[in-house]
1. Work out the length of the dipole vector of the range 262-470 about its Cα centre, built from +1 on the beta-carbon of each Lys and Arg and -1 on the beta-carbon of each Asp and Glu, and round it to the nearest 20 debye.
2. Take every Cα pair under 8 Å in the chain that's 6+ residues apart, average their separations, divide by the length, and report that relative contact order as a whole percent.
3. What is the magnitude of the charge dipole of the chain about its Cα centre, with +1 placed on the Cβ of each Lys and Arg, -1 on the Cβ of each Asp and Glu, and no other charges, expressed in debye to the nearest 20?
4. Please label the shape of the range 57-145 as rounded, prolate or oblate, based on the square roots a ≥ b ≥ c of the eigenvalues of the alpha-carbon gyration tensor (a/c under 1.5 means rounded; beyond that, a/b larger than b/c means prolate, else oblate).
5. About its Cα centre, what dipole magnitude does the range 1-109 give when the only charges are +1 on Lys and Arg Cβ and -1 on Asp and Glu Cβ, stated in debye to the nearest 20?
6. Mind checking which helices in the chain clear 27 Å along their axis (Cα) and have mean Kyte-Doolittle hydropathy of -1.0 or more, DSSP H runs only?
7. Neighbour counts of other C-beta atoms within 10 Å: give me MET447, MET398 arranged from fewest to most.
8. In the structure displayed, which of LYS302/LYS443; LYS302/LYS429; LYS283/LYS309; LYS221/LYS247; LYS302/LYS475; LYS267/LYS403 lie more than 22 Å apart, Cα to Cα?
Amino acid sequence: MASRRTNSGEFDFIVVANRLPVDSVTGSDGSQQWRLSPGGLVTALEPVMRGAEGAWIGWPGAADVEIEPFEHDGIKMEPVTLSESDVECYYEGFSNDTLWPLYHDVIAQPSYHREWWDAYLAVNRRFADRAIAIAAEGATVWVHDYQLQLVPGMLRDARPDLTIGFFNHIPFPAYGLFAQLPWRKQIVRGLLGADVIGFQRSADASNFSRAVRRLYGFETKGTRIWVPQDPGNDSQAGSPPARKALKMRRVVARHFPISIDSASYAKLADDPDVKARAAEIRKELGNPRTIMLGVDRLDYTKGIRHRIKAYGELLREGRIEVESTTLVQVASPSRERVATYIALRDEIERTVGRINGDFGTIGHTAVVYMHHGYPREEMVALYLAADVMLVTALRDGMNLVAKEYVAVRSDNDGVLILSEFTGAADDLKQALLINPHDIDGLKDAMMQAIEMPAAERRRRMRALRRRVLENDVTKWSQSFLEELRHNSTASPLAEHK
Ligand code: GDG
């Protein structure tokens with residue numbers, strides 16, 4: 001049986017995520033300072049964190065750093081220490097070299113190592129223990145993402161008084177793929193500790209429910225899953241007589257498509273300095289007729305190679321010319337110690353070099369490739385300068401870049417080319433939807449975007465903007481938390497039928 005705590009902590013609302021929402025920076029006087037990292041998640045949760053007695057549990061981002069809890073910009077930070085070996089096995093290993101490729105439809109081969117799993121289990125335990133220690137009686141805990149899928153179950157076992165939410169930012173794979181995971185039952189069991197499990201797309205939620213049925217035989221109906229209250233009875237719960245005798249808890253698994261802080265992007269786009277920078281970018285690129293843009297973490301899920309290949313073929317076939325059409329690719333550094341990412345970088349940079357060698361001129365570079373991160377102002381200036389935005393992911397939970405591009409285009413101009421394998425495609429139907437594996441189809445869509453009449457660009461962009469401005473990240477967090485309030489086992493609002 002789960003043990004009940006007697007002395008609870010002080011926080012009523014706790015976010016548990018792999019990373020704290022701050023980055024460590026060195027001040028001008030050489031001192032160590034924290035800067036809030038401007039993710040949408042922080043923006044969405046800031047009001048909730050301030051309104052309630054809130055805390056954020058996460059890793060500060062460097063190995064072997066032991067830091068006492070601190071407050072930054074009104075948010076209480078609860079740092080969790082990861083050793084060099086935790087970073088290697090839990091983060092780079094199990095999270096980013098097992099779960100990440102598996103959950104993105106095995107675009108790259110996942111590695112299964114028992115010592116990585118052990119580290120994943122141990123680090124999940126560390127995060128859970130911190131939440132268990134600091135949560136007030138009846139608190140709400142919102143756990144985020146694939147790195148921490150065991151935490152909901154650990155919380156449920158130790159603290160049945162808590163209301164527990166989980167949101168998965170990346171896809172959840174079809175059972176045929178998920179079944180590869182040697183620890184599939186433990187992962188599903190961990191997630192089922194939550195009252196509400198949120199996914200980006202309804203297909204992800206259905207994939208999860210199917211895994212629950214296949215692995216545990218629990219009853220699922222629409223977005224609801226019935227889970228036996230006593231975890232010790234999991235194994236017998238499949239048979240109908242046993243099910244009847246057990247007390248059931250209702251878990252909701254459904255989609256809550258995440259969004260961006262649309263208003264802050266729209267505001268940045270209105271800034272005269274940002275607008276001036278956009279004009280300057282065009283000029284620096286030699287005022288081409290069409291600027292195409294890709295912005296991604298350098299990741300094999302993003303389809304960067306596919307779009308560069310398509311662009312190169314259009315040049316080779318003479319359908320476009322280097323003087324009039326430039327491709328700008330920002331590939332921000334990511335997971336640089338994981339072998340697959342090192343190989344991907346080499347491959348992309350080889351291809352870029354070849355295309356530039358073949359087609360570049362003294363005045364015109366074909367692919368302007370940058371392997372850096374940029375401040376948000378520069379990103380927005382790039383979005384404003386780009387006539388065509390290329391989002392060609394092979395699989396992506398949502399893809400916020402697509403939404404950011406749309407949010408800044410208050411001029412109702414610009415064309416979004418969007419992979420149908422992104423969560424964003426479920427909503428942004430007025431984009432040019434493409435299959436990135438179909439290079440000829442992608443090339444045709446690029447040509448269609450380049451040649452699209454202004455009236456059609458306006459019509460499409462208007463419709464896209466309506467979707468993104470109406471559904472921002474605050475609405476997303478509110479709808480998740482509302483569902484959580486309604487479906488909490490511990491809360492009086494729960495109607496468990
Ligand atoms: C995961 C899921 C899901 C990128 N380079 C720079 C920079 N960025 C910003 C973008 C955007 C964010 O990073 C990337 O978000 P995405 O959604 O495109 O992709 P992931 O990082 O893979 O995120 C994804 C997301 O979680 C949220 O749930 O949508 O599917 O994979 O905001 O603008 N920002 C700055 N400089 C850069 O160089 N400032």
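1. In debye, rounded to 20, the range 262-470 gives about 340.
2. Once normalised by length, the contact order is 14 percent.
3. 1980
4. Because a/c hits 1.5 or more and a/b exceeds b/c, the range 57-145 counts as prolate.
5. 420
6. 114-134, 339-359
7. By the 10 Å Cβ count, ascending: MET447, MET398.
8. The pairs that break the limit, which is 22 Å between Cα atoms, are LYS283/LYS309; LYS302/LYS475.
Every read-out reported here was derived from the displayed coordinates using simple, explicitly stated rules and does not represent laboratory data. None of the values given here were measured: they were computed from a predicted structure. Here Cβ is always computed from backbone atoms with ideal geometry, including for glycine, and neighbour counts include all displayed protein chains.
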